[in-house]
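To keep things clear, I will list the structure first and then write my remarks on it.
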Amino acid sequence: MTASGHALTTEHSPVAGLAHDTRGGISNPILGMLLFITSEVMFFAGLFGAYFTVRASTNPWPPGPEQVGEGMAEKFNLHADPYLAALLTVVLVTSSFTCQLAIWAIRKNDRRGLVRGIAVTLILGILFLIGQAYDYSQLGFGLTDGTFGTTFFTLTGFHGAHVLGGTIMLSVILYRAMAGQFSARHHDAVEATSIYWHFVDVVWIALFSTLYIL
Amino acid sequence: MATTALHPAVPAYRSGLYEWITTTDHKKIGILYVVNSLLFFFIAGLLALGVRAELAQPKVQFFAPDVYNQLFTMHGTVMIFLFIIPILAGFANYVVPLQIGAPDMALPRINALSFWMLPLGGILMFTGFATGGAAAEGWTGYSPLAQRAYSGTGTDLWDVGLVLIGTSSILGAVNFLTTIFKMRAPGLTMFRLPILVWTVLVTSVLVLMATPVFTSALIMLFIDRNYGGHFFDPATGGNAILWQNVFWFYSHPAVYVMVLPAMGMVSEILPVFSRKPLFGYKAFVFATAGIGALGFSVWAHHMFTTGAVFLPFFSLMTFLIAVPTGVKMFNWIATLFRGQLIFATPMLFALGFLTMFLIGGINGAFSAAVPVDFALHDTYWVVAHLHYVLFGGSVFGMFAGLYYWFPKMTGRLLNEALGKLHFVLMFIGFNLTFFPMHMLGLAGMPRRVADYSANAGWSDLNLLASIGGFTIAASMLPFLWNVMLSLRNGEIAGDDPWEANTLEWATTSPPPPYNFDHLPEIRSERPLFDLRHAGAAHSALPAKYAETHS
């Protein structure tokens, strides 16, 4: 048994291990993306933790007229005017659906459906960013305006940065989709990007609930 | 070992700087990690010599207090983030794909990216010295010391450097987990994984869950410092303790990030040099997972004296985490028990790990008791404890791994005599340096202060510690000489110089690109033992040691 090499091997291919990740189950890039998103969840958990720590030790929240003056207290009262943010929520949630439509299309090898779905998703993502920039310009308070301003802009700003990252990823996917690089069997990059986009969407829902409703 | 002798069609190492800069081969990246980390180890070691030179005598002799602050801050930061964590990741990078019979990591280009962020982050951090002073608030970066009012550009560079290094860690963890879950050879089930792979798995989970929280803390600090934020500023509704919470939420699990892979290495080495299987494989795996899980519930034991944390909970959890650690200690002792011990250099360092880490664990359990901690907080006791864990533990474990896998990486064995000289000098120097710090701490000497009173009675022990520090530095000379000598003239290692158990020894030294032509059949956690003995259930001494033991 020890003499013959072949008797002791389970694989005879020249590079035995190379084919491992084709043994079924989740693909390497998609698992990698899921794990990366786990770390992203913890990143936002850190920021949310900071937000709730500050909020718990500030009474009232948002700071009222006695603490920051009449004008600022009115601007801090996000609950009074959540409509633009709600509209942005609708935009982003819709984009998650169009992204999923794109995924379902390419799983059936429908390349035109993929391009259409990704294009609409990308446009909605850009719309969200424009809407958020407009919202920032209308808020009337900034990052330096107390812990309220600091936490608000850090949380929404880092979410916005992730949306921006997502739109860059979607642009690459759109370019590659139009070049015909994806098929029903080969579209890991699309799946991974879509998972990331859904994650960005979920973070926004948590942010909207926390900042505008809770 | 005729069955496993492989002859790669392509030479394993083509020369050329370009090759090394652009490589995505996990073996080359692993070596880059190790070399880069050792460079930072020597730099941070020099910083520590500066600290010990200053403390050898009372009064200020060499460094003004603000420079002294930079020395110990950069020493701590660099040792932790640019040496221990990445060098263990480097060994894991080299060894894990080999041990699971994979051709490479699952995401090779991400792997290269993870590495190259490290020197970049390190250089950024050191640029601080050229901008009017590096970070000087201690590696823990507490507010308000880390705020704009008390620290300059050096702290911003420290902050950004750490974000880069943290991102490197996170991407590395993603890669390790994907590799371990997806790239195992046929037959290599989870409970046949080598212990090192298990410890890297748990470490990666810790990195994945904890490091991003540290990143968020660093970003909050950056916003406070540069954009007028108020996260850690109590005057405007912020919370200085918040930094400590988010910081230690990462930095305590980081202690396990620094020690679990070293435990894994030692658990590979002790069985090989005891000629026995590891005692209690599954208990060891569950203990590792237990340490990982409990590791998230003990962070506030660094914050007992803030009065802002629930003492009974964190004290209890801290005592509890000693239980799985104790389980491992018995695993190792039982592995040694009645083994045919071979005292080669890797074994010596592994035994050094065992004994020194035991002391670090015991003095840590003392500090877990709330009243004791109140007395010892921020004294040299804590410095003694953390060095027994991170130097006595991680660094001894790391050197054990270095002597053990050097032949696999280079094809040549390190010289045994020089290796033993290195071990003896380092072991003596280490204990001379850090054991007196227990007494200094009990006597009340505070850490992070450049000067102390000549009347305090601390002078003799400090001088002893400084002599020890320079002894550790001296122990690096035979090591460096050994590496240079052995790279040129070292004894040719062959595939499996130690007659070991795991798959990395089934290929050539160094392995060819993509590692394996053929894999042995895997029916246990020791495929090479099975191969050597073809099913026989006894162990035998390697031929080269047979004479001394018969």
inquiry  = Give me the residue from the range B:221-237 that is in contact (Cβ under 8 Å) with a residue 12 or more places away in the chain and part of a loop (DSSP other than H, G, I, E, B) and, out of that set, farthest from B:GLY295 (Cα to Cα).
reply    = B:ASP233
query = What is the number of the single condition among (1) modelled with pLDDT under 95; (2) touching a Gly at 6+ places or on another chain (Cβ under 7 Å); (3) within 14 Å of chain A (Cβ to nearest Cβ) that B:ILE223 does not meet?
reply = (1)
The range B:519-543: number of residues that are under 33 Å from the mean Cα position of the chain (by Cα), at pLDDT below 55 and surrounded by fewer than 15 Cβ atoms within 10 Å (Cβ to Cβ) = 1
inquiry  = Any residue that is within 20 Å of A:VAL202 (Cα to Cα) and within 14 Å of chain B (Cβ to nearest Cβ) - is there at least one of those in the range A:136-152?
reply    = yes
query = Based on what the data block shows, is B:PRO513 in a loop (DSSP other than H, G, I, E, B) and out of contact with any Ser or Thr (no Cβ under 9 Å at 6 or more places or on another chain)?
reply = yes
key: Top-ranked residue of the range A:72-87 - restricted to ones that are part of a helix (DSSP H, G or I) and either free of Cβ contacts under 8 Å to residues at least 60 places away in the same chain or among the hydroxyl-bearing types (Ser, Thr, Tyr) (or both), ranked as nearest to A:ASP145 (Cα to Cα)   = A:ALA73
task = Give me the pairs, please: first residue somewhere in the range A:181-196 and within 11 Å of A:PRO29 (Cβ to Cβ), second residue anywhere and polar (S, T, N, Q), beta-carbon distance under 7 Å, and either six or more positions apart or on two chains.
result = A:ASP188/A:SER27
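Given the criteria open to solvent by less than 30 Å² (accessible area, probe 1.4 Å) and in contact with a Pro (Cβ under 7 Å, 6 or more places away or on another chain), does B:THR335 qualify?
Here the answer is yes, as B:THR335 does meet what is asked.
Say whether the condition of being within 21 Å of A:TYR212 (Cβ to Cβ) and part of a helix (DSSP H, G or I) is met by at least one residue in the range A:96-115. First the steps, then the outcome.
First pass over the range A:96-115, keeping only residues within 21 Å of A:TYR212 (Cβ to Cβ): A:96.
Right, trim to part of a helix (DSSP H, G or I) and you get A:96.
Yes.
Here is a list: B:THR211, B:THR236, B:THR215, B:THR203. Which entry is on the phi < 0 side of the Ramachandran plot, among the polar types (S, T, N, Q) and more than 10 Å from chain A (Cβ to nearest Cβ)?
Working: B:THR211 fails: more than 10 Å from chain A (Cβ to nearest Cβ); B:THR236 fails: more than 10 Å from chain A (Cβ to nearest Cβ); B:THR215 fails: more than 10 Å from chain A (Cβ to nearest Cβ).
Sole residue among the options that is on the phi < 0 side of the Ramachandran plot, among the polar types (S, T, N, Q) and more than 10 Å from chain A (Cβ to nearest Cβ): B:THR203.
To keep it simple, each residue is scored yes or no on (1) away from chain A (no Cβ under 14 Å); (2) open to solvent by less than 10 Å² (accessible area, probe 1.4 Å).
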position	(1), (2)
B:LEU464	yes, no
B:PHE479	yes, yes
B:SER486	yes, yes
B:ILE492	yes, no
B:PRO497	yes, no
B:TRP505	yes, yes
B:PRO512	no, yes
B:ASP517	no, no
inquiry  = Please determine whether any residue of the range B:205-213 is surrounded by 20 or more Cβ atoms within 10 Å (Cβ to Cβ) and at pLDDT below 95.
reply    = no
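Are any of the residues in the range B:450-462 part of a loop (DSSP other than H, G, I, E, B) and among the charged types (D, E, K, R)? Spell out the reasoning first.
Quick first cut of the range B:450-462, residues part of a loop (DSSP other than H, G, I, E, B) only: B:450-453, B:457-458.
Next, only the ones that are among the charged types (D, E, K, R) stay: B:451.
Yes: the range B:450-462 contains one or more residues that are part of a loop (DSSP other than H, G, I, E, B) and among the charged types (D, E, K, R).
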remark   = Exactly one of B:THR305, B:THR325, B:THR355 is under 23 Å from the mean Cα position of the chain (by Cα) and surrounded by fewer than 17 Cβ atoms within 10 Å (Cβ to Cβ), and that residue is B:THR355
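Taking the options B:PHE176, B:PHE191, name whichever one is open to solvent by 10 Å² or more (accessible area, probe 1.4 Å) and farther than 30 Å from B:MET125 by Cα. Can you show your working first?
Values: B:PHE176 fails: farther than 30 Å from B:MET125 by Cα.
Within the list B:PHE176, B:PHE191, the selection yields B:PHE191.
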key: Failed item in (1) at pLDDT below 90; (2) open to solvent by 50 Å² or more (accessible area, probe 1.4 Å); (3) within 14 Å of chain B (Cβ to nearest Cβ), with A:ASP81 passing the rest   = (3)
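Before we move on, is A:GLN138 of a type in the set (S, T, N, Q), under 30 Å from B:HIS230 (Cα atoms) and open to solvent by 50 Å² or more (accessible area, probe 1.4 Å)? I'd like the intermediate steps shown before the answer.
On the way: of a type in the set (S, T, N, Q): yes; under 30 Å from B:HIS230 (Cα atoms): yes; open to solvent by 50 Å² or more (accessible area, probe 1.4 Å): yes.
In short, yes.
Specify which of the listed residues (B:PHE296, B:PHE284) is closer than 25 Å to B:SER251 by Cβ and assigned to a helix (DSSP H, G or I). Full working, then the answer.
Details: B:PHE284 fails: closer than 25 Å to B:SER251 by Cβ.
Among B:PHE296, B:PHE284, only B:PHE296 is closer than 25 Å to B:SER251 by Cβ and assigned to a helix (DSSP H, G or I).
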query = In the range B:440-451, which residue that is closer than 23 Å to B:GLY50 by Cβ and out of contact with any Ser or Thr (no Cβ under 8 Å at 6 or more places or on another chain) is least open to solvent (accessible area, probe 1.4 Å)?
reply = B:ALA450
task = Test B:ILE269 against the criterion of being more than 8 Å from chain A (Cβ to nearest Cβ), part of a helix (DSSP H, G or I) and open to solvent by less than 10 Å² (accessible area, probe 1.4 Å), and give yes or no.
result = yes
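The values are calculated or read from the model by the stated rules, or taken from the named source; none is laboratory data. This structure is a prediction, so every number in the text was calculated from the model and none was measured. Backbone-built Cβ (ideal geometry, glycine too); neighbour counts: all protein chains shown. The accessibility values were calculated without ligands, DNA or RNA, using every heavy atom of the protein model including side chains. Shrake-Rupley method; radii C 1.70, N 1.55, O 1.52, S 1.80 Å.
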